[in-house]
Amino acid sequence: MKTLILIRHAQAEHSQPGLSDKFRPLSEKGHEEAEKVSKNLSKIYNEADIIMSSDAVRTQQTAAYFQKYFQLKESDILWNPDIYQASEDDLRYLVQSIENIHNTVVLIGHNPTMSRFASFLTSNATIEFTTGAISVIKLKIDRWDNLSYHSGKLVFFLCP
């Protein structure tokens, strides 16, 4: 059985003229959210092999908190620019390409895709990710390339 932990980045600063959306950092509240949820999750579920994250600044900053609390090395984080504007199908293909030596993967991205992807994987009609939200999904698969529609069960959901 594989486990996928889906995380929406914590709250970002508002858009600023001349600053691309991809470069928006976490707000002060976002840093607090990321610290809180990563710490809380690590107390009850602290196993992760790798983190796959969008390369947007706010997801990188969010990932740093999870790296800290899951005690992962920098080399355990895979930055993927394709996650930034990915569709649910894009995320499915990405997850299907994960090496099978990894059993628990953290995926950090953006909405609305994270909400839609969680709903795609589970039988839950709608899972709404606020900033900093986390879902832990147990997948009824032994190989990542077998990931499919409703192949998982939502076992934990946390909002800041």
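The values are calculated or read from the model by the stated rules, or taken from the named source; none is laboratory data. In this text the structure is predicted, and so the values were computed from the model without any measurement. Cβ: placed from backbone, ideal geometry, glycine included. Neighbour counts: every protein chain shown.
Observations, loosely collected:
- Taking the criterion of being over 22 Å from Asn100 (Cα atoms), touching a Phe, Trp or Tyr at 6+ places or on another chain (Cβ under 7 Å) and crowded, with 19+ Cβ neighbours inside 10 Å, the residues of the stretch 44-65 that qualify are Ala56, Val57.
- Within the stretch 74-89, if we keep just the residues that are among the polar types (S, T, N, Q) and in a loop (DSSP other than H, G, I, E, B), the residue that is nearest to His102 (Cα to Cα) turns out to be Asn80.
- Looking across the stretch 87-114 at every residue that is touching a residue at least 40 places away in the same chain (Cβ under 8 Å) and out of contact with any strand residue (DSSP E or B) (no Cβ under 8 Å at 6 or more places or on another chain), the one that is nearest to Asp145 (Cα to Cα) is identified as Gln96.
- Residue check: Glu99 meets all listed conditions (1) surrounded by 15 or more Cβ atoms within 10 Å (Cβ to Cβ); (2) assigned to a loop (DSSP other than H, G, I, E, B) but one, namely (1).
- Tabulated pairs, the stretch 128-153, first closer than 17 Å to Glu88 by Cβ, second surrounded by fewer than 22 Cβ atoms within 10 Å (Cβ to Cβ) and aromatic (Phe, Trp, Tyr), C-beta under 8 angstrom, 6+ apart or interchain: Ala133/Phe157; Ser135/Phe156; Ser135/Phe157; Tyr149/Phe120; His150/Phe120
- Residue match in the stretch 34-43 (condition: of a type in the set (Val, Ile, Thr), under 21 Å from Ala86 (Cβ atoms) and surrounded by 17 or more Cβ atoms within 10 Å (Cβ to Cβ)): no
- For the stretch 1-37, a residue qualifies if it is of a type in the set (A, V, I, L, M), out of contact with any helix residue (DSSP H, G or I) (no Cβ under 6 Å at 6 or more places or on another chain), assigned to a loop (DSSP other than H, G, I, E, B) and touching a residue at least 12 places away in the same chain (Cβ under 8 Å), and exactly one does: Met1.
- Extreme residue, modelled with the lowest pLDDT, among residues of the stretch 102-125 that are assigned to a loop (DSSP other than H, G, I, E, B) and either buried (at least 23 other Cβ atoms within 10 Å of the Cβ) or in contact with a helix residue (DSSP H, G or I) (Cβ under 9 Å, 6 or more places away or on another chain) (or both): Ala125
- Of the residues making up the stretch 136-151, those that are modelled with pLDDT of 95 or more and either in a strand (DSSP E or B) or polar (S, T, N, Q) (or both) number 5.
- Gln60 more than 18 Å from Pro160 (Cβ to Cβ) and either among the hydroxyl-bearing types (Ser, Thr, Tyr) or assigned to a helix (DSSP H, G or I) (or both): yes
- Lys68 assigned to a strand (DSSP E or B), without any contact (Cβ under 8 Å) to a residue 40 or more places away in the chain and surrounded by fewer than 17 Cβ atoms within 10 Å (Cβ to Cβ): no
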